[in-house]
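Visitor: Got a structure for you, written out below as structure tokens; questions coming shortly.
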Amino acid sequence: MPYVIASPCIADYSCVEVCPVNCISPGPEEPGFGRAEQMYIDPTRCIDCAACVEVCPVNAIFDRNRLPERWQRYAQINAEYFQQRGKPGHA
Amino acid sequence: MNTESATTVERKLFCSICEACCGLIATVADDKILQLRPDPEHPSSRGFACSKGIGFSYVLSDPDRVLEPLQRQPDGSFKPVSWDTALDDIAQRLRGIIDRHGGEAVGGYIGNPVGWNYAAQTTLMGMFAALGSKHFYTSGSVDVNNYFVVGQLLYGNNMINPIPDIHRTDFLVVLGANPVVSHGSMVTIGNIREAMLDITARGGRVVVIDPRRTETAELFEYLPIRPDSDAWLIAAMLKVIFDEDRVDHAAVVRQAHGLDSLRELVAGVTLERAQSETGIDAAQIAQLARDFAAAPSAAFYGRCGFSLGQFSTLTKYLSDALNIVTGNLDRPGGVVFGHAMIDGEKMLADGNLSGYDRWRTRVDGVPEVLGSSPIACLPREVTTPGRGQLHALFICSGNMVTSSPSPDEMESALRQLDLMVSLDPYVTETSRLAHYILPPTLWLERDVMPSFSMGYTAVPYAQWIPATVKPAGQARDDWWIVDQICRRIAVVPSPLKSMRLLGKLGWRPSPATLMDIALRLGPEGDLFGLRPRGLSRKKLFANPGGIKLMDQPPTGVLARRLHHADKRVHLAQPIMGPEMQRLIARSTIDPEYPLRIISLRELRSHNSWLHNIPKLMAGGRVQRLRIHPDDAAPLAIENGDEVEIASRHGAIRVTAWLSDEVMRGTVALPQGWGHRGGWKRAVAARGANYNVLASSRPSEFDRLSGQPRLNGIAVRISRARSDAGADAVA
């Protein structure tokens with residue numbers, strides 16, 4: 001199951017830097033980074049490596065199956081970010 | 001983490017960058033901070049923190065940080081010297097200045113970070129009190145003294161500031177504030193974004209009013225308003241409430257007097273004029289007023305946006321008045337009084353420190369606020385000869401060349417000082433002008449309490465933490481530095497006469513000892529054993545994660561909290577009359593300068609001091625002017641173009657960014673850019689000093705607070721000629 005970034009995210013972007021498949025957006029080089037209050041994981045490209053979980057300073061990233069109840073909606077929020085952008089995540 | 005070793009420990013603390021004061025946990029090994037992360041158990045922030053706090057530990061070991069006393073050389077470079085050399089020379093020069101011009105020629109400035117540095121604040125204030133000097137300046141005189149004026153007038157004490165009860169309110173109106181990005185100011189609410197979203201989730205309503213569709217506005221109902229027309233909006237809402245008799249008379253009779261005077265004040269306001277000034281439809285203003293008055297509970301909250309205009313004190317007064325006449329003061333869901341572990345209001349009152357307009361500044365004749373002078377007046381106090389002329393200045397965490405209006409005038413005045421000493425971790429555009437830069441400890445390196453914000457928290461709590469790590473290099477606490485200078489000129493730096501006398505007799509306790517006494521004798525104190533469950537420094541140091549005092553602020557406490565002898569809010573304020581007349585007489589039409597500029601805050605900036613942190617500057621951040629596509633098109637301005645912004649006071653060049661987030665006729669630019677000095681990354685980020693556009697002339701100020709006009713400045717924009725680079729200052 002893909003990983004999901006939930007409410008505690010502070011857009012610290014350590015996750016973007018370690019993601020081996022560049023599926024976390026918006027990174028520092030992308031438009032929208034300056035205003036982004038959180039990062040998002042593209043569920044269609046996530047390879048479940050959990051590298052991002054290790055580096056997150058605020059414990060905001062969860063396996064979708066283990067997403068705390070109060071943040072369930074974030075699975076959809078992550079997916080919708082990429083759908084609305086109209087293109088898959090890019091570096 | 002992988003770097004853990006046998007000596008790794010975890011320490012709780014709180015972030016001392018902004019008023020949110022988020023609880024943090026530091027992973028420390030060998031006296032180095034390996035990681036900062038949010039503390040999920042903190043009574044207020046409950047696991048929230050932001051990238052600024054998490055990233056701040058970089059500053060401790062920043063290669064650009066000043067770590068030993070620096071003495072400026074004739075060529076402008078700096079040479080490291082020993083503490084004794086610096087302190088002895090400063091004291092000798094200071095003695096000479098005092099001998100020639102008296103203690104009143106010596107002044108000080110404290111910047112925003114001193115709000116988390118009670119020891120520096122009290123010691124510096126004490127130094128100038130002991131010297132009999134009125135030259136005490138604060139960054140508060142840029143954007144918050146209007147609160148302190150209204151606190152004194154309405155409630156009898158500068159520090160009284162009822163906070164919006166966001167956790168319980170049915171209706172929140174936010175005017176000129178962007179809590180999603182700022183994380184709250186003049187109110188401390190952990191994860192304020194979620195707290196605001198909870199209002200709508202429980203069926204309440206949030207309306208955000210701002211010239212820019214801010215990150216906060218995007219989440220809620222949004223009304224665009226023309227810059228610096230806030231007083232018009234609130235006055236018109238009050239007019240509707242009076243005309244339609246929607247006043248909560250029972251509450252007003254119980255809590256206040258002077259209602260008729262307020263009614264008279266807004267009598268000349270028409271909805272038509274308010275519509276043309278604000279750009280908000282008259283019917284919408286009337287409906288907003290009705291809805292606000294009808295809501296079971298409502299809170300009107302404004303912040304920097306409404307504090308940077310020409311009528312910021314009138315605006316703050318009207319905003320409090322609106323909360324009061326609708327019965328929302330001191331009731332759940334309205335605006336309420338915080339509960340601090342130390343009663344700062346009482347301390348100020350006891351020390352005769354709270355006050356307004358007890359004297360006026362020497363040159364401009366601007367009223368004092370809390371015993372301080374507005375920073376915008378400083379340049380003329382240096383350059384105008386006569387008794388009381390400012391000759392020596394001590395600056396603590398201050399960057400006035402960037403934060404006060406008319407930077408060139410400020411810089412040129414600072415260069416004329418006989419002695420300028422900056423206590424600063426960096427060689428900044430301001431400190432580079434100092435004769436000495438002295439390295440202070442930073443908040444992770446000294447004990448900290450949320451001394452400024454503890455009275456404004458939505459969840460009252462107590463916290464006072466010891467230093468997390470040892471100071472880097474030769475950095476010393478600001479208060480120690482000031483005290484060492486005072487000892488050399490035989491001065492006891494205390495705002496209280498009694499303490500100065502005791503000091504002369506040999507008892508000279510540290511600020512921490514005095515604060516501990518205030519805590520122990522205070523509303524939550526242990527009374528030195530009489531109240532065993534009460535607080536002391538020792539107890540708080542043993543509970544560094546903070547101790548919750550109450551679940552929510554108390555209500556029904558108005559009479560106890562007011563400092564007016566009659567225990568009523570004083571709505572009648574004769575000085576507001578002329579302000580209202582001035583507002584009505586003002587024309588904002590200026591065909592030569594047709595646009596209005598406002599400042600804005602970004603997620604990874606805080607005032608002017610965090611632009612040297614790599615993590616916060618990632619992505620090639622640049623300072624960009626937000627301009628509406630409809631305003632840009634006739635000027636042939638496209639995304640990424642270099643543009644010149646010109647006002648009647650100055651001109652700067654920046655990069656344009658077309659966005660409909662700003663309303664037509666308004667442009668928005670982040671403040672705090674255009675650095676110079678030794679912080680290399682900040683300097684390399686370029687950008688321009690917003691305040692070049694602002695005037696330091698008193699005629700442009702908010703007259704009652706002395707705050708400069710930084711929002712709503714009339715400007716014109718043009719494409720910059722390609723022969724010059726961006727960010728050149730005209």
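The values are calculated or read from the model by the stated rules, or taken from the named source; none is laboratory data. Model, not experiment: these values are computed from the prediction. Glycine also receives a Cβ, built like all others from the backbone with ideal geometry; neighbour counts cover every protein chain displayed. Side chains are part of the model used for accessible areas, which takes the heavy atoms of the whole protein and leaves out ligands, DNA and RNA. Shrake-Rupley method; radii C 1.70, N 1.55, O 1.52, S 1.80 Å.
Visitor: Could you name every one of the helices (runs of 4 or more DSSP H) located completely within the stretch B:175-252 that has at least 1 residues being within 14 Å of chain A (Cβ to nearest Cβ), touching a residue at least 40 places away in the same chain (Cβ under 8 Å) and more than 13 Å from B:Phe306 (Cβ to Cβ)? Even if it seems obvious, please write down each step before you answer.
Guide: Numbers: elements: B:179-182, B:192-201, B:230-243.
Where helices (runs of 4 or more DSSP H) fall fully within the stretch B:175-252 and carry at least 1 residues being within 14 Å of chain A (Cβ to nearest Cβ), touching a residue at least 40 places away in the same chain (Cβ under 8 Å) and more than 13 Å from B:Phe306 (Cβ to Cβ), they are B:179-182, B:192-201.
Visitor: If the requirement is being buried (at least 21 other Cβ atoms within 10 Å of the Cβ), modelled with pLDDT under 95 and not in a strand (DSSP E or B), which of these qualifies: B:Ser696, B:Ser722? Lay out the reasoning, then the answer.
Guide: On the way: B:Ser722 fails: buried (at least 21 other Cβ atoms within 10 Å of the Cβ).
Just a single option satisfies the conditions, and that option is B:Ser696.
Visitor: I would also like to ask the following. Would you confirm whether any residue within the stretch B:485-493 is more than 30 Å from B:Lys539 (Cα to Cα), of a type in the set (Val, Ile, Thr), modelled with pLDDT of 95 or more and open to solvent by 10 Å² or more (accessible area, probe 1.4 Å)? Give the steps one after another, and end with the answer.
Guide: So in the stretch B:485-493, the residues more than 30 Å from B:Lys539 (Cα to Cα) come out as B:485-491.
Checking which are of a type in the set (Val, Ile, Thr) leaves us with B:485, B:489, B:491.
From what is left, the residues that are modelled with pLDDT of 95 or more are B:485, B:489, B:491.
Adding the requirement that they be open to solvent by 10 Å² or more (accessible area, probe 1.4 Å) leaves B:489, B:491.
Taking every residue of the stretch B:485-493 in turn, at least one turns out to be more than 30 Å from B:Lys539 (Cα to Cα), of a type in the set (Val, Ile, Thr), modelled with pLDDT of 95 or more and open to solvent by 10 Å² or more (accessible area, probe 1.4 Å).
Rundown of residues vs (1) assigned to a loop (DSSP other than H, G, I, E, B); (2) over 30 Å from B:Lys346 (Cα atoms); (3) open to solvent by 10 Å² or more (accessible area, probe 1.4 Å), yes/no style:
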position	(1), (2), (3)
B:Ala376	no, no, no
B:Gly386	yes, yes, yes
B:Leu393	no, no, no
B:Pro405	yes, yes, no
B:Ile437	no, yes, no
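For every residue, the table says whether it meets (1) of a type outside the set (A, V, I, L, M); (2) within 11 Å of another protein chain (Cβ to nearest Cβ); (3) under 21 Å from B:Glu215 (Cα atoms); (4) touching a strand residue (DSSP E or B) at 6+ places or on another chain (Cβ under 6 Å).
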| position | (1), (2), (3), (4) |
| --- | --- |
| A:Ser14 | yes, yes, no, no |
| A:Glu29 | yes, yes, yes, no |
| A:Arg45 | yes, no, no, no |
| A:Val55 | no, yes, no, no |
| A:Ala60 | no, yes, yes, yes |
| A:Pro68 | yes, no, no, no |
| A:Ala75 | no, no, no, yes |
| A:Asn78 | yes, no, yes, yes |
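Visitor: Let me confirm something: among A:Ile41, A:Ile61, A:Ile24, A:Ile10, which residue is among the β-branched types (Val, Ile, Thr), touching a helix residue (DSSP H, G or I) at 6+ places or on another chain (Cβ under 6 Å), at pLDDT below 90 and open to solvent by less than 60 Å² (accessible area, probe 1.4 Å)? Step through it out loud before you land on a result.
Guide: Values: A:Ile41 fails: at pLDDT below 90; A:Ile61 fails: at pLDDT below 90; A:Ile24 fails: at pLDDT below 90.
Only one candidate qualifies: A:Ile10.
Visitor: If you take the residues in the stretch B:35-44 that are within 11 Å of another protein chain (Cβ to nearest Cβ) and of a type outside the set (Lys, Arg), which one is surrounded by the most Cβ atoms within 10 Å (Cβ to Cβ)?
Guide: Checking each candidate, the answer is B:Pro38.
Visitor: Moving to a separate point now. Name every residue in the stretch B:613-639 that is more than 16 Å from B:Arg721 (Cα to Cα), open to solvent by 60 Å² or more (accessible area, probe 1.4 Å) and part of a loop (DSSP other than H, G, I, E, B), in order of residue number.
Guide: B:Gly620, B:Val622
Visitor: Continuing with this model, one more query. Being buried (at least 21 other Cβ atoms within 10 Å of the Cβ) and within 14 Å of chain A (Cβ to nearest Cβ): is that true of B:Val654 here?
Guide: no
Visitor: So in the stretch B:51-61, with the set limited to residues that are hydrophobic (A, V, I, L, M, F, W, C) and at pLDDT 95 or above, which one is most open to solvent (accessible area, probe 1.4 Å)?
Guide: Restricting attention to the stretch B:51-61, the residues satisfying the condition of being hydrophobic (A, V, I, L, M, F, W, C) are B:54, B:56, B:59-60.
Those still in the list that are at pLDDT 95 or above too: B:56, B:59-60.
Values: B:Phe56: 0, B:Val59: 4, B:Leu60: 23 Å².
Once the filter is applied, the top-ranked residue is B:Leu60.
Visitor: Quick one: which of B:Ala295, B:Ala299 is small (Gly, Ala, Ser) and closer than 19 Å to B:Leu558 by Cα?
Guide: Values: B:Ala295 fails: closer than 19 Å to B:Leu558 by Cα.
Of B:Ala295, B:Ala299, the one residue that is small (Gly, Ala, Ser) and closer than 19 Å to B:Leu558 by Cα is B:Ala299.
Visitor: Let me ask something else about it. Could you grab me the full set of residues in the stretch B:257-278 that are of a type outside the set (Ser, Thr, Tyr), touching a helix residue (DSSP H, G or I) at 6+ places or on another chain (Cβ under 9 Å) and open to solvent by 10 Å² or more (accessible area, probe 1.4 Å)?
Guide: Here is the first cut: in the stretch B:257-278, the residues of a type outside the set (Ser, Thr, Tyr) are B:257-260, B:262-269, B:271-275, B:277.
Next, only the ones that are touching a helix residue (DSSP H, G or I) at 6+ places or on another chain (Cβ under 9 Å) stay: B:259, B:262-269, B:271-275, B:277.
Result: B:Leu259, B:Arg263, B:Glu264, B:Leu265, B:Ala267, B:Gly268, B:Leu271, B:Glu272, B:Arg273, B:Gln275, B:Glu277.
Visitor: If you don't mind, another one. Given the criteria over 27 Å from the mean Cα position of the chain (by Cα), in contact (Cβ under 8 Å) with a residue 60 or more places away in the chain and not in a loop (DSSP other than H, G, I, E, B), does B:Ile597 qualify? Steps first, please.
Guide: Values: over 27 Å from the mean Cα position of the chain (by Cα): no; in contact (Cβ under 8 Å) with a residue 60 or more places away in the chain: yes; not in a loop (DSSP other than H, G, I, E, B): yes.
No: the conditions fail for B:Ile597.
Visitor: Still on this structure: Among the numbered criteria (1) crowded, with 18+ Cβ neighbours inside 10 Å; (2) at pLDDT 95 or above, which one does B:Ser412 miss?
Guide: The one condition B:Ser412 does not meet is (1).
Visitor: Now for a different question. Go through the residues of the stretch B:674-682 one by one and say whether even a single one is touching a Leu at 6+ places or on another chain (Cβ under 7 Å) and either open to solvent by 30 Å² or more (accessible area, probe 1.4 Å) or not in a strand (DSSP E or B) (or both).
Guide: So far as the stretch B:674-682 goes, no, none of its residues is touching a Leu at 6+ places or on another chain (Cβ under 7 Å) and either open to solvent by 30 Å² or more (accessible area, probe 1.4 Å) or not in a strand (DSSP E or B) (or both).
Visitor: A further question follows. If you check B:Thr123, B:Thr27, B:Thr85, which single one turns out to be farther than 23 Å from B:Pro460 by Cβ, more than 14 Å from chain A (Cβ to nearest Cβ), surrounded by 16 or more Cβ atoms within 10 Å (Cβ to Cβ) and among the polar types (S, T, N, Q)? Write out each step before concluding.
Guide: Values: B:Thr27 fails: more than 14 Å from chain A (Cβ to nearest Cβ); B:Thr85 fails: surrounded by 16 or more Cβ atoms within 10 Å (Cβ to Cβ).
Of the residues listed, the single one that is farther than 23 Å from B:Pro460 by Cβ, more than 14 Å from chain A (Cβ to nearest Cβ), surrounded by 16 or more Cβ atoms within 10 Å (Cβ to Cβ) and among the polar types (S, T, N, Q) is B:Thr123.
Visitor: Among the listed residues B:Trp443, B:Trp464, identify the single one that is in contact (Cβ under 8 Å) with a residue 40 or more places away in the chain, of a type outside the set (Ser, Thr, Tyr) and touching a Leu at 6+ places or on another chain (Cβ under 7 Å). Spell out how you get there, then give the answer.
Guide: Working: B:Trp443 fails: touching a Leu at 6+ places or on another chain (Cβ under 7 Å).
It is B:Trp464.
Visitor: Which of the helices (runs of 4 or more DSSP H) contained wholly in the stretch B:450-554 include at least 2 residues that are of a type in the set (Val, Ile, Thr)? Break it down stepwise before answering.
Guide: Values: elements: B:478-488, B:497-504, B:511-521, B:537-542.
Here the list reads B:478-488, B:511-521.
Visitor: Can you confirm whether A:Ala36 is open to solvent by less than 40 Å² (accessible area, probe 1.4 Å), within 14 Å of chain B (Cβ to nearest Cβ) and modelled with pLDDT under 90? Explain how you work it out, then say what you get.
Guide: Values: open to solvent by less than 40 Å² (accessible area, probe 1.4 Å): yes; within 14 Å of chain B (Cβ to nearest Cβ): yes; modelled with pLDDT under 90: yes.
When the stated conditions are applied, A:Ala36 passes them.
Visitor: Restricting to the stretch B:640-664, name every residue that is farther than 27 Å from B:Met410 by Cα, in contact with a helix residue (DSSP H, G or I) (Cβ under 7 Å, 6 or more places away or on another chain) and outside any strand (DSSP E or B).
Guide: Of everything in the stretch B:640-664, those that are farther than 27 Å from B:Met410 by Cα, in contact with a helix residue (DSSP H, G or I) (Cβ under 7 Å, 6 or more places away or on another chain) and outside any strand (DSSP E or B) turn out to be B:Asp660, B:Arg664.
Residue-wise test of (1) under 30 Å from B:His183 (Cα atoms); (2) open to solvent by 20 Å² or more (accessible area, probe 1.4 Å).
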residue: B:Ala49; (1), (2): yes, no
residue: B:Pro63; (1), (2): yes, yes
residue: B:Leu67; (1), (2): no, yes
residue: B:Arg72; (1), (2): no, yes
residue: B:Pro113; (1), (2): yes, yes
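Visitor: Scanning for something over 25 Å from the mean Cα position of the chain (by Cα) and within 21 Å of B:Thr441 (Cα to Cα), does the stretch B:47-55 turn up at least one residue?
Guide: Here is the first cut: in the stretch B:47-55, the ones over 25 Å from the mean Cα position of the chain (by Cα) are none.
Checking the stretch B:47-55: not a single residue is over 25 Å from the mean Cα position of the chain (by Cα) and within 21 Å of B:Thr441 (Cα to Cα).
Visitor: Shifting gears a bit: Please verify whether the stretch B:618-630 includes one or more residues that are more than 14 Å from every other protein chain (Cβ to nearest Cβ), of a type in the set (A, V, I, L, M, F, W, C) and touching a Pro at 6+ places or on another chain (Cβ under 7 Å).
Guide: Checked the stretch B:618-630: no residue is more than 14 Å from every other protein chain (Cβ to nearest Cβ), of a type in the set (A, V, I, L, M, F, W, C) and touching a Pro at 6+ places or on another chain (Cβ under 7 Å).
Visitor: Can you work out which of the residues in the stretch B:5-24 that are touching a helix residue (DSSP H, G or I) at 6+ places or on another chain (Cβ under 8 Å) and in a strand (DSSP E or B) is farthest from the other protein chains (Cβ to nearest Cβ)? Quick ask: steps written out before the conclusion?
Guide: Step one: of the stretch B:5-24, the residues touching a helix residue (DSSP H, G or I) at 6+ places or on another chain (Cβ under 8 Å) are B:13, B:15-22, B:24.
From what is left, the residues that are in a strand (DSSP E or B) are B:13, B:24.
Working: B:Leu13: 15, B:Leu24: 10 Å.
Among them, the one singled out is B:Leu13.
Visitor: Under the condition of being surrounded by fewer than 18 Cβ atoms within 10 Å (Cβ to Cβ) and in contact with a helix residue (DSSP H, G or I) (Cβ under 9 Å, 6 or more places away or on another chain), which residue from the stretch B:573-585 is farthest from the other protein chains (Cβ to nearest Cβ)?
Guide: Going through the qualifying residues, I end up with B:Pro574.
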